[in-house]
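The values are calculated or read from the model by the stated rules, or taken from the named source; none is laboratory data. Given the structure is predicted, the values throughout are model-derived calculations rather than measurements. Side chains are part of the model used for accessible areas, which takes the heavy atoms of the whole protein and leaves out ligands, DNA and RNA. Shrake-Rupley method; radii C 1.70, N 1.55, O 1.52, S 1.80 Å.
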Amino acid sequence: MTATDAGRQLAIRDSKTHARNLTRLEARANSERARAEFANTLNALEDKLNVPKQVRIRTARAKVRLRRFADEQPGAAVAVAVGVVAVVGVTVWLVVRAAVDGK
């Protein structure tokens, strides 16, 4: 074996080692990326399935919309509030009347 042959074999071995190491680095990067995607998916599922959290989010959005509506159209907001109070009052009155008449 000559020095040239030994040099070629060393170069081939080094290129294989380099390719294997590069493949390991790529595999590690891919697995880290997959773990991050999986964690994001689990967090999204947790957010969707967490009912109290969803209620808080939707309640906060409704409050913002109601405040914006009251700021933009105060007369209409008062009319809506009076209407809601009237409906609740009539409903309570009907329920009480039905309970008293049922006795």
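Rg/Rh, computed from the Cα trace of the stretch 28-103 with Rh as the Kirkwood radius, has the value 1.37.
Note that the stretch 44-93 presents 85 Å² accessible area per residue, ligands and nucleic acids not counted, probe 1.4 Å.
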